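Everything below concerns the one structure shown next.
The values are calculated or read from the model by the stated rules, or taken from the named source; none is laboratory data. All values derive from a computational prediction rather than experimental measurement. Here the Cβ is made from the backbone with ideal geometry for all residues, glycine too, and neighbour counts use every protein chain on show. Ligands, DNA and RNA are excluded from the accessible area calculation, which covers all protein heavy atoms including side chains. Shrake-Rupley method; radii C 1.70, N 1.55, O 1.52, S 1.80 Å.
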Amino acid sequence: MSALPWHLLPDNSTVDRDGSLSIAGCVLTDLAAEFGTPLFVYDEAHLRTRCREAVAAFPDGVAYATKAFLCIAMARLAHEEGMALDVATGGELHVARMAGVPGERLVFHGNNKSTTELKAAVEAGVGTIVIDSMGEIDRLESVLEGAGKTARVMIRVNPGIEAHTHDFLRTGAADSKFGITLADGLAASAVRRVRSVPSLELVGIHAHVGSQVFDVASFSKTVEVLAAFVTSIEVPALSIGGGLGVPYVEGEEAPTITDWGAAIRSAVAATGIEARVHAEPGRAIVAQGAVTLYTTGTIKEIPGVRTYVSVDGGMSDNPRPVLYGSGYEVFLARAVTADRDRPVRLVGKHCESGDVIVWEGKVPADLEVGDIVATPVTGAYGHTMGSNYNMVPRPPVVFVNDGDARQVVRRETHDDLLARDLGMDRV
Ligand SMILES: *Cc1c(COP(=O)(O)O)cnc(C)c1O
């Protein structure tokens, strides 16, 4: 059976003479020894390269969707590389602000923004608020009135498109909680309503049809479906959202950010849309930039059934397999190019049978207890979707660059787990 497909690893991966993997000059097994496991390791130059590629592919404006991976270092990095930042909650807004990102470089999303969140967005001078529902127009109007301010807004429309992806990742189909339906004149009436409010400036139309979409035709289709509407209302910008897929396992391939931008631009040109085109990639910026390191513990062979290899993390650092049935690869950090001829299921330490990291994994035959294994393509929706389930502390995040390893988020401690618990005051 096969070695790990190299294209799943971060850009600056190299094999050392002894067969072990280094990223940006840092040996993975050394990082595990220094920072412990589980550990998220991000290739900083890889992240910067993807941001630059996005800025080049969408010269009119591109925002990094922070929900894919967010901490102060990442917010700064995306900002430094010229991306705006998408935030969708007061919490994401707070992190972006604490990172020093100016309000005008932020785009505020969300299908249920609270009045408090709208106030915070207005207060921060957020560059664009993306209105998601009719009711939000009223709420925003009254928040602006109270603050004596104005806001630039886009309207998120739901084009009624079935993007080819997992049901939970599909956001542009007719039956969705997101956006204002394009059909039946609903989006057009939202435009009229927004234009009747003096404190709102309509700067564009927004659509985001789903995530982990591999076929750029889904995006071209969105542009086609929106063309007549966007042209008729004469708005300055059209945002096509994010959603570009990335390969996670052997045999998968995805278009590059550059291909994606070219496909969207040609669809826009073909339909005669004159608006500027914006985009909001999340996953495509960060997913392949990281690997997660784990230490193997219990190895259980069930004769005639399968072998379970347990590691020291699980659904608390990567809930995607249990949420979506997502597939991943696994490799041995000390032997990255070795043939992986032993089928195993890589599982976590949580009290849950669904706590799986790799359903159908392959590892080299000599894998032992105490080995460092790694799962590639874990830079998106792992750290941000993690939890404290079973009171398992969340892993640290390390950025590696030019032989240096910089810890940007420390490991959670057992005391951190009690930081919000008021019970101690009473004993
Ligand atoms: C999630 C999301 C994105 C980013 O999606 P990816 O699949 O990570 O690229 C962009 N825009 C909006 C509105 C989103 O909800």
Review point. Which of these, ILE240, ILE357, ILE299, has the largest mean-square fluctuation under a Gaussian network model of the chain (Cα springs below 10 Å)?
Key: ILE299
Check your understanding: What percent antiparallel are the DSSP beta bridges of the stretch 201-331, to the nearest 5?
Key -> 40
Check your understanding: Across the stretch 90-100, in residue order, what do the Karplus-derived ³J(HN,Hα) couplings come to in whole Hz, using 6.51 cos²θ - 1.76 cosθ + 1.60 with θ = phi - 60° and x for Gly and Pro?
Key -> x, x, 5, 4, 4, 4, 4, 5, 5, 7, x
Practice item. Treat the stretch 106-205 as a sphere of radius equal to its Kirkwood radius over Cα pairs and apply Stokes-Einstein at 20 °C in a medium of 1.002 mPa s; give the translational diffusion coefficient in µm²/s, rounded to a whole number. Key: 154
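Using only the Cα atoms of the stretch 7-51, build the gyration tensor, take square roots of its eigenvalues as a ≥ b ≥ c, and label the shape rounded, prolate or oblate: rounded if a/c is under 1.5, else prolate if a/b is larger than b/c, else oblate.
Details: a/c = 2.37, a/b = 1.30, b/c = 1.82.
The shape class here is oblate.
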Check your understanding: If you line up the long axis of helix 186-195 against the longest principal axis of the chain, both from Cα atoms, how many degrees apart are they, to the nearest 10?
Key -> 70
Review point. How far is it, in nm, from the label point at ALA262 to the one at VAL305 when both lie 7 Å from their Cα along the line to the Cβ?
Key: 5.1
Exercise for review: Taking the chain as the reference, fit the longest principal axis to its C-alpha atoms, fit the long axis of helix 216-233 to the helix C-alpha atoms, and give the angle between the two in degrees, 0 to 90, nearest 10.
Suggested key: 20
Check your understanding: Between GLU252 and TRP6, what FRET efficiency comes out of the Förster formula 1/(1 + (r/R0)^6) with R0 = 22 Å and r the beta carbon distance, rounded to 0.05?
Key -> 0.95
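On a full-extension model of 0.36 nm per residue, what is the gain between LEU422 and ARG342, subtracting their alpha-carbon distance, rounded to one decimal in nm? Intermediate results must be reported in sequence, preceding the final value.
Numbers: separation 80, 0.36 × 80 = 28.80 nm, distance 4.80 nm.
Contour length minus Cα-Cα distance gives 24.0 nm.
Using only alpha carbon positions, build the gyration tensor of the chain, then give the equivalent ellipsoid semi-axes as the square roots of 5 times its eigenvalues, largest first, whole angstrom. Numbers along the way, then the final one.
Numbers: eigenvalues 318, 118, 77 Å².
They are 40, 24, 20 Å, listed from largest to smallest.
If R0 is 45 Å, what FRET efficiency do you get for ARG195 and SER387 from their C-beta distance, rounded to 0.05? Write down the numbers at each step before the final one.
Working: r = 43 Å, r/R0 = 0.95.
Working from the Cβ atoms, E equals 0.60.
Over the stretch 176-265, what is the mean sequence separation of C-alpha contacts under 8 Å (at least six apart), divided by residue count, expressed as relative contact order in percent?
On the way: 90 pairs, mean separation 27.2, N = 90.
Value for the stretch 176-265: 30 percent.
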Check your understanding: Could you give P(r) for the stretch 89-150, binned at 5 Å from zero, as whole percent values over all Cα-Cα pairs?
Key -> 4, 20, 34, 24, 14, 4, 0
Practice item. May I ask you to give the percent of accessible area on the stretch 19-80 that is carbon plus sulfur, with a probe radius of 1.4 Å? Key: 51
Revision key, fill the gap. quick note, the chain, DSSP beta bridge pairs, % antiparallel (nearest 5) is 50
Practice item. State the three equivalent ellipsoid semi-axes of the stretch 219-344, derived from the C-alpha gyration tensor as the square roots of 5 times its eigenvalues, in descending order and whole Å. Key: 44, 14, 13
Check your understanding: Let a ≥ b ≥ c be the square roots of the eigenvalues of the Cα gyration tensor of the stretch 22-116; is it rounded (a/c under 1.5), or, if not, prolate (a/b larger than b/c) or oblate?
Key -> oblate
Exercise for review: Express the accessible area of the stretch 205-301 per residue in Å², computed with a 1.4 Å probe while the remaining protein chains stay in the model.
Suggested key: 34
Study note, to complete from the structure: Contact order relative to length for the chain, counting C-alpha pairs under 8 Å separated by 6 or more residues, stands in percent at 21
